[in-house]
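Visitor: First, the structure itself, so that you have it in front of you.
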Amino acid sequence: MICLPVSDSSQVSEARRRIAAFAESVGFDAIATARVSLIITELATNLIKHGNGGALLAEADEYSKSPALEFLALDRGEGMLDVDQCMRDGYTTVGSPGTGLGAIQRQSHALDIYSRPGAGAAIYVRSESGRIPTVAVERPHTFAAACLPKHGEEANGDAWAAAGTAGNRTYLVVDGLGHGLAAAEAAQAAVQEFHRCAGVSITEILTSIHQALRHTRGAAVAVARTDESREELVFGGVGNIGGAIITDGKVRKTVSRNGTAGLTVPRIQEYSYPFTSGSTFFMYSDGLVSSWNCAGYPGLLARHPLLIAGVLFRDFRRERDDVTILVANRELP
């Protein structure tokens, strides 16, 4: 995931250039790249005009059938009093033409916004390589993750992955020991092993990853699996990868065992938790402060998973660490 600070107008063109190049690198043609450029220009401009600056995040959706990018614009400005009103062309609070959010909506495949007056705004945008449908397509909110390196680092010592099908997903979050290239090598080795053996039990996956990381500096690792037909989530972790299930406002934290995969693992054990209708699952590295919560964010859990992760990243991230925040909803009725 790319994270670009935007605090003055000189950074708008740089953000547009970098993300347009990113779009081309994942397979966007000239028309789709031009749409991305317009979206980024509007998002970055809004951050300056309405958010007193903020951050633009961009990542490729690796689980999409065709090339797709997802963006977040995050700020701690005054927020929006009425999101629907702000979406209407011509509405403005700063004397501009008032077409920014409307233009973004017309050029995107999906748009979601979370904002509270006086507490900033978070905007999620999805852009795909194909044509924009003339009729809005309802997209299920399934799973997504914000995964970024420590501020100032290029290599990311965190990583995540998913496997399986709707209602029966398996998720991985890994935090390589320390930071930088060696941590990233450990994290990527864990992802590679996860994809090789994602169909076996949680305990077996963690055991295989532990063995695969023997040649690395080691990592904290957690694996979770949803079985929605049984309304169950199974979780196993080694080290300080956290997990939580929120259902009807109640939070239940998952259990990880002590140890470091690839180095010392005294015991691997998996635990089962209820995962009922309306539940949302979180899995995160220690780049997210332990005091994070969603209680002070009314309506947030109804938003897109990446938008949820983005708000938590904005408000609860530790600047001195890599961070991963995975959010997964129940997928089946």
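Visitor: Give me a count of the residues in segment 1-18 that are in contact (Cβ under 8 Å) with a residue 24 or more places away in the chain and in a helix (DSSP H, G or I).
Guide: 4
Conditions tested, residue by residue: (1) part of a strand (DSSP E or B); (2) out of contact with any Leu (no Cβ under 6 Å at 6 or more places or on another chain); (3) modelled with pLDDT of 95 or more.
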position: 20; (1), (2), (3): no, yes, yes
position: 24; (1), (2), (3): no, yes, yes
position: 40; (1), (2), (3): no, yes, yes
position: 50; (1), (2), (3): no, yes, no
position: 62; (1), (2), (3): no, yes, no
position: 65; (1), (2), (3): no, yes, no
position: 81; (1), (2), (3): no, yes, no
position: 86; (1), (2), (3): no, no, no
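Visitor: I'd like to know if segment 226-242 contains one or more residues that are touching an Asp or Glu at 6+ places or on another chain (Cβ under 9 Å) and either of a type in the set (Phe, Trp, Tyr) or not assigned by TED's automatic domain parsing to the domain that holds residue 158 (or both).
Guide: Scanning segment 226-242, I find at least one residue that is touching an Asp or Glu at 6+ places or on another chain (Cβ under 9 Å) and either of a type in the set (Phe, Trp, Tyr) or not assigned by TED's automatic domain parsing to the domain that holds residue 158 (or both), so the answer is yes.
Visitor: Residue 115 - would you say it is farther than 17 Å from residue 284 by Cβ, crowded, with 19+ Cβ neighbours inside 10 Å and touching a Ser or Thr at 6+ places or on another chain (Cβ under 9 Å)?
Guide: Values: farther than 17 Å from residue 284 by Cβ: yes; crowded, with 19+ Cβ neighbours inside 10 Å: yes; touching a Ser or Thr at 6+ places or on another chain (Cβ under 9 Å): no.
No, not satisfied.
Visitor: I need the strands (runs of 3 or more DSSP E) fully contained in segment 206-303, keeping only those with at least 3 residues that are touching a Pro at 6+ places or on another chain (Cβ under 7 Å), of a type outside the set (Phe, Trp, Tyr) and touching a residue at least 12 places away in the same chain (Cβ under 8 Å).
Guide: Once the strands (runs of 3 or more DSSP E) in segment 206-303 are filtered for at least 3 residues that are touching a Pro at 6+ places or on another chain (Cβ under 7 Å), of a type outside the set (Phe, Trp, Tyr) and touching a residue at least 12 places away in the same chain (Cβ under 8 Å), nothing remains.
Visitor: Follow-up question, since we're still on this one. Provide a single number: the residues in segment 275-291 that are closer than 14 Å to residue 245 by Cβ and surrounded by fewer than 18 Cβ atoms within 10 Å (Cβ to Cβ).
Guide: Of the residues in segment 275-291, 3 are closer than 14 Å to residue 245 by Cβ and surrounded by fewer than 18 Cβ atoms within 10 Å (Cβ to Cβ).
Visitor: Tally the residues that are surrounded by fewer than 18 Cβ atoms within 10 Å (Cβ to Cβ) and touching a residue at least 40 places away in the same chain (Cβ under 8 Å), restricting the search to segment 147-177.
Guide: Final tally of qualifying residues: 6.
Visitor: Right, another one. How about segment 165-210: which of its residues are closer than 24 Å to residue 64 by Cβ and of a type in the set (Gly, Ala, Ser)?
Guide: Selection gives 166, 167, 184, 187, 190, 198, 199.
Visitor: Restricting to segment 186-197, name every residue that is crowded, with 18+ Cβ neighbours inside 10 Å and over 21 Å from the mean Cα position of the chain (by Cα).
Guide: The one that is crowded, with 18+ Cβ neighbours inside 10 Å and over 21 Å from the mean Cα position of the chain (by Cα): 193.
The values are calculated or read from the model by the stated rules, or taken from the named source; none is laboratory data. All values reported here derive from a predicted model rather than from experimental measurement. As a convention, Cβ positions derive from the backbone with ideal geometry for all residues, glycine included, and neighbour counts pool all protein chains shown.
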